[in-house]
Amino acid sequence: MRRRHLLTLIPGAIAAPSLAQAQPAWPSRPVRMVVPFPPGGTTDFIARLVGQRLGTVLGQTFVVENRAGAGGTLGSDFVAKSPPDGHTLIVSNIASFGVGPSVYPTMPYDSVRDFAHVALLAEIPSVLAVNVASPIRDLAQFIEAAKARPGLAVGSPGNGTSSHAKQAILQRSAGIETTHVPYRGSGPMMNDVAGGALESMITTLVEAGRNERFRLLAVTAEARVPGWPDLPTFKELGHPEMVASTWFGLSAPAGTPAPIVTRLNAEVLAALATPEITARLIETGATPRRMTAPEYSDFVAAEVRRWAAVVQAAGIRVG
């Protein structure tokens, strides 16, 4: 009896190494890091900053690929339908994961169920900005101009983005009527404001904060941002509804193996803790955020619910 028992164990003992060998090493080739907006914007900046660090510690190149369009939903959909092997990731964000599900009548993906959410990277307040040569010098003058001239143009990085939603909130809060001008990303929008072709824009502090061509009127932060002591918040100027951060994270297609998600989360948190990356983010107005993968998944789900209420109240629809 004992001999038969030993013999039944031997095949299992032999099979165990084979099963281990069947699990491929990750990453086994360059990792595609999709940015669903054009180059030059905040999403692109954060992707390249974190991606370079991940490539160094994981021994494979993290290739940033810009797939812009439809408020970030085109690139996000591409990743949702990619093989869940850890070699295609998306810089998930408030636009295509938080606001988009409520703005677009039909979405090709579910921003909660169709992704394995890895980690939150950073949160950044938004600003209302004009060209530095504009006669508008503060928020009060902006509101006066919009009331005197209904239809004043305000740009955003695209339909369905958080900047689009924030413009709608500002209109309701200030009792003004503006014209939303969507762009295919922040870069083209900022070029038009800098050149005088566009009157104003709502964009992130990262993009506009250190650019001498722009005058910042107000920021959507809860309190004044370190490094910008003279920049008032919308809240202190009487618009508490305009307290909202733009967030960026890292996600993979649903079904990505848990060990890969766990490893990625650990490496992202380690990257965010490095003095170099922390300093780069803070000096541009961003705040690094540390979350486990389950915490980030819950965060995305909560943001979908939050912005659904905002979009419904503002009556924003695209398409």
> Given only helices, namely DSSP H runs of n ≥ 4 each adding -39500 (n - 2.57), what is the per-residue ellipticity at 222 nm of the chain, to the nearest 500 deg cm²/dmol?
Replying inline: -13000 deg cm²/dmol
> Roughly how many whole Å is it from the C-alpha centroid of region 268-303 to that of region 38-67?
Replying inline: 15
> Roughly how many percent of the accessible protein surface of the chain is carbon and sulfur, given a 1.4 Å probe and a whole-percent answer?
Replying inline: 56
> Just the accessible area per residue of the chain, please: how many Å² with a 1.4 Å probe?
Replying inline: 44
>> Using Cα-Cα distances under 8 Å and only pairs 6 or more residues apart, what relative contact order does the chain have, in percent?
In response: 26
> Among the GluC sites (Glu not before Pro) within region 204-271, which fall in a DSSP loop and have no more than 15 other Cβ atoms within 10 Å of their own Cβ?
Replying inline: E212, E222, E236
> Counting only protein chains, not ligands or nucleic acids, how are V304, V35 ordered by accessible area (probe 1.4 Å), most first?
Replying inline: V304, V35
> So which lysines pass the test for K147, namely a Cα distance under 23 Å, with those fewer than 8 places away in the same chain ruled out?
Replying inline: K166, K235
>> Students sometimes get this wrong: rank W228, W247 by accessible area, probe 1.4 Å, all chains present, largest first.
In response: W228, W247
> For Y183, Y109, what's the largest-to-smallest order of accessible area, 1.4 Å probe?
Replying inline: Y183, Y109
> Taking the alpha-carbon centroid of each part, what is the distance from region 167-222 to region 103-152 in angstrom?
Replying inline: 7
>> Residues of region 235-251 with the amide nitrogen closer than 16 Å to a label point 7 Å from the Cα of T287, along Cα-to-Cβ, please.
In response: 235-236, 242-249
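The values are calculated or read from the model by the stated rules, or taken from the named source; none is laboratory data. Note that the coordinates shown come from a computational prediction; the quantities given were computed from them, not determined experimentally. Don't worry about glycine lacking a Cβ; one is built from the backbone with ideal geometry, like all the others, and counts go over all protein chains shown. What goes into the accessible areas is simple: the full protein's heavy atoms, side chains included, and nothing from ligands, DNA or RNA. Shrake-Rupley method; radii C 1.70, N 1.55, O 1.52, S 1.80 Å.
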